[in-house]
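Colleague: Quick one: structure below, then a few questions.
The values are calculated or read from the model by the stated rules, or taken from the named source; none is laboratory data. Owing to the predicted nature of the structure, the values given are computational and were not obtained by experimental measurement. For neighbour counting, all protein chains shown are included, and Cβ atoms are generated from backbone atoms with ideal geometry for every residue, glycine included.
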Amino acid sequence: MTRGRDAGAAGAPVAVIGVDGRPLAPRAAALLAGATLVVGAARHLDALPVPDRAARHVLGDVTAALEATGRHEGRAVVLASGDPGFFGIVRLLRERGLRVDVEPAVSSVAAAFARAGHSWDDAVVVSAHGRDPRRAVNACRALPKVAVLTAPGCGPAEIAGALGDLPRVLVVAERLGAPGERVTTCTPDEAAARTWADPNVLLVLAADASPGRGWASPRRLTPSRWGLPEESYEHRDSMISKAEVRALALAHLGPGLGDLVWDLGCGSGSVAVECARFGAAVVAVDRDPAQCERARRNARDHGVELSVVRGDAPACLPDLPDPDAVFAGGGGPAVVAAAAARGARSVVAALAAVDRVAPVRDALRAASYEVGGAALTASRFGGLPDGSTRLVAANPVFLVWGHR
Ligand SMILES: C[S@@+](CC[C@H](N)C(=O)[O-])C[C@H]1O[C@@H](n2cnc3c(N)ncnc32)[C@H](O)[C@@H]1O
């Protein structure tokens, strides 16, 4: 197939050339040689043979660079790191209606995994570049193999600091393909205590970071089933959210990649485990050490990771990172009010006592949530001696939810 890019003709596409420190491939070199405008970071403009006659636009201000590229009537070339179609400038150029002719290099993420000697089809790649890093951090808390695109001021030290004592090996790949390239394997504590050269990519790896061969990248992050039967969990004296209640609670919590969920009064940890099965990071809180241990065991049995905190809510809540969603399975209006004050998008409370329903509803309303609720009275299939089915009533439970 010819790619028909008459770069000098009116309306010619913008040539976007990936840079990874290696010499340009022949076609990319020819595109650069024909350029009349070259846009790129100073380090890329300095490292490559930009023709003398070409105007240079140093990045910087991306908006100004896009405008300059769009206005240019000659042969515009944009130099960008790695694969410009991967968390890169191709999206921005296309959003402006510009046609592009991309010559990618090796992405920094692919290079970092290669230097570390790992496969990466089973990794999740997240970006903390130019955005709030908390979702990237939550993905690192929840998943065994994550690559983070970083930014100055939001790099390995800051992300490692936010991970706390999470059991992870970190690989920091600095200045890949450039003079001073360095790849360092360390603990989160070590990473948090150092300064790192930009640009860099951070790999966050659990001890068992390779879940095996998959067919999609990233692999499916949602479970094949949720609202699992109580028998799927170790629990004490039936102190576990019933499957029907848990399913509706999950629907309102909406846990997913990048989220942090609090499960307050976690008991067996069944809600926490199911949120983690959706790819969310989860902090599970219970005042009873035996329940904390049980939640840990249930997490292990379901192959997910929970941060289990032994503590009394609401007293322990100020020490926890901000949640996206909160499930209050234990504790009444005071716990719900304290959790709501932390700005989660959804708060869900399960209540056995009718007396608590109105105060919990009011606590959520007072915190500006749109409130709803239901009394759930499941009648489950049960057996009769002749093999026919009867209904077995489960205890009614109130579920109160708030969204904003
Ligand atoms: C906007 S993203 C661009 C990613 C790029 N498209 C790629 O495929 O590598 C910018 C981030 O990529 C990473 N990065 C780019 N070049 C790098 C390099 N030479 N060494 C390490 N990380 C790099 C850094 O995390 C940087 O903050």
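Colleague: Residues of segment 213-241 being polar (S, T, N, Q), out of contact with any Gly (no Cβ under 8 Å at 6 or more places or on another chain) and surrounded by 15 or more Cβ atoms within 10 Å (Cβ to Cβ), which ones?
Modeller: Step one: list which residues in segment 213-241 are polar (S, T, N, Q), which gives 217, 222, 224, 232, 238, 241.
Next, only the ones that are out of contact with any Gly (no Cβ under 8 Å at 6 or more places or on another chain) stay: 217, 224, 232, 238.
The answer is Ser232, and nothing else.
Colleague: Also, quick follow-up: Give me a count of the residues in segment 283-301 that are farther than 21 Å from Ala339 by Cα and under 20 Å from the mean Cα position of the chain (by Cα).
Modeller: Residues that pass the stated criteria total 1.
Colleague: Here is a check on your reading of the model: is Ala157 crowded, with 18+ Cβ neighbours inside 10 Å, at pLDDT 95 or above and more than 17 Å from the chain's Cα centre (by Cα)?
Modeller: When the stated conditions are applied, Ala157 passes them.
Colleague: Going residue by residue through segment 242-252, is there one that turns out to be surrounded by fewer than 15 Cβ atoms within 10 Å (Cβ to Cβ) and at pLDDT 95 or above?
Modeller: Scanning segment 242-252 turns up at least one residue that is surrounded by fewer than 15 Cβ atoms within 10 Å (Cβ to Cβ) and at pLDDT 95 or above.
Colleague: List, please: which pairs have Cβ atoms under 7 Å, are six or more places apart or on different chains, and start with a residue in segment 170-198 that is outside the structural domain of Arg22 (by TED's automatic domain parsing) and of a type in the set (Gly, Ala, Ser) and end with one that is part of a loop (DSSP other than H, G, I, E, B) and surrounded by 15 or more Cβ atoms within 10 Å (Cβ to Cβ)?
Modeller: Cβ pairs passing all conditions: Gly177/Asp20; Gly177/Gly21; Ala178/Gly21; Ala197/Arg175.
Colleague: Name the helices (runs of 4 or more DSSP H) wholly inside segment 101-183 in which the number of residues that are polar (S, T, N, Q) and away from the ligand (no atom under 16 Å from the Cβ) is 1 or more.
Modeller: Details: elements: 108-116, 134-142, 156-163.
Result: 134-142.
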